[in-house]
Amino acid sequence: MCIGIFDSGVGGLTVWRELRRVMGGRFIYFGDTAHVPYGEKSPEQLMEYFWDIIDFFQQREVKAVVVACNTMSAVVLPKVQDQVPLKLFGMIDAAVDAAVKVSHGKVGVLATSSTAASGAYEEAFGRIRPTWDVTSQGCPRLVPLIEAGRTSGPEVEKAVAEYVKPLKNAAVDTIVLGCTHYPFVTSVIEHQVGSEIAIVDPAIRIGQEVSAWFGSKNEIRVEDRSSHTEFWVSRNPKGFQTLAQQFMGTMIPNVNLYEMAGEAE
Ligand code: DGL
């Protein structure tokens, strides 16, 4: 069985890396580089991209899709869950599950503007920990910096300092990385918030969920870690390949171009 993974760009690679760590299999990674950053797109635009990507996966006989993007998981998934004939894994519940294991009730979420505005994290925490304080902070400058290959330096530090300030003021004990791009700047965040605040990367929880699901279907043998990934993007395959190799520290052999509906490079 083939597993689809998608994001607006390189962020979903933080989830892909974790999936490959815990399971083998055939993966197809799609980066919607024609539309990054998703965090600044309207719900209607995101919905359009979502269906185009689902269509892309269905043409390739993918049976399960990991929505390795918090923005899509927050804004689109709740509206379409029942309409997609594929098994879907989203980021929000996985992140909340991971956070409740470490937090004592004061959680900060760093996320894109769209995710923060959606209230998805407040709602998901509210369902299982109704008395907890949840503060979501939109971080519009981070994804463009990371997609430009910048994960350290004064500009990243300045942006992170600005975004973690309200969370520090709210005395959070835990920060959820509520965007799959942010694990690339974990060390900057850690440096700014100190060791007293726990940092949660939901990728680990998603890895457990996906591997457990495939294991229960007898679709994977846990001991077989051999895997193969096809990479696709909607714009600039070369740029994606260079950046992915830089971030993953591994060879990304071939990146293919899939033009989204009505668009050309
Ligand atoms: N990495 C995605 C997320 O988790 C999308 C970021 C963006 O394109 O703005 O939200």
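The values are calculated or read from the model by the stated rules, or taken from the named source; none is laboratory data. Note that the coordinates shown come from a computational prediction; the quantities given were computed from them, not determined experimentally. Methodologically, a virtual Cβ is constructed for each residue, glycine included, from the backbone with ideal geometry; neighbour enumeration extends over all protein chains shown. Calculation scope for accessible area: heavy atoms of the full protein, side chains included, ligands and nucleic acids excluded. Shrake-Rupley method; radii C 1.70, N 1.55, O 1.52, S 1.80 Å.
All of (1) in contact with an Asp or Glu (Cβ under 8 Å, 6 or more places away or on another chain); (2) without any contact (Cβ under 8 Å) to a residue 60 or more places away in the chain; (3) under 22 Å from residue 14 (Cα atoms); (4) open to solvent by 30 Å² or more (accessible area, probe 1.4 Å) hold for residue 212 with one exception: (1). For the range 190-216, the tally of residues that are within 18 Å of residue 179 (Cα to Cα), out of contact with any strand residue (DSSP E or B) (no Cβ under 8 Å at 6 or more places or on another chain) and hydrophobic (A, V, I, L, M, F, W, C) stands at 2.
Out of the residues in the range 35-47 that are free of Cβ contacts under 8 Å to residues at least 24 places away in the same chain and of a type outside the set (Ser, Thr, Tyr), state the one that is nearest to the ligand (Cβ to nearest atom).
Residues of the range 35-47 free of Cβ contacts under 8 Å to residues at least 24 places away in the same chain: 42, 44-45.
Still in the list and also of a type outside the set (Ser, Thr, Tyr): 44-45.
On the way: 44: 16, 45: 12 Å.
Among residues in the range 35-47 that are free of Cβ contacts under 8 Å to residues at least 24 places away in the same chain and of a type outside the set (Ser, Thr, Tyr), the one nearest to the ligand (Cβ to nearest atom) is 45.
Results for (1) of a type in the set (A, V, I, L, M, F, W, C); (2) over 21 Å from residue 204 (Cα atoms); (3) under 20 Å from the mean Cα position of the chain (by Cα); (4) more than 11 Å from the ligand (Cβ to nearest atom), shown as yes or no for each residue.
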position: 87; (1), (2), (3), (4): no, no, yes, yes
position: 93; (1), (2), (3), (4): no, no, yes, yes
position: 112; (1), (2), (3), (4): no, no, yes, no
position: 173; (1), (2), (3), (4): no, no, no, yes
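Exactly one residue out of 7, 52 is among the acidic types (Asp, Glu) and within 15 Å of the ligand (Cβ to nearest atom): that is 7. For the range 178-202, filtered to residues that are more than 16 Å from the ligand (Cβ to nearest atom) and among the polar types (S, T, N, Q), the residue that is most open to solvent (accessible area, probe 1.4 Å) is 195.
Among the residues of the range 50-66, those that are open to solvent by 10 Å² or more (accessible area, probe 1.4 Å) and farther than 12 Å from residue 258 by Cβ comprise 51, 58, 61, 63.
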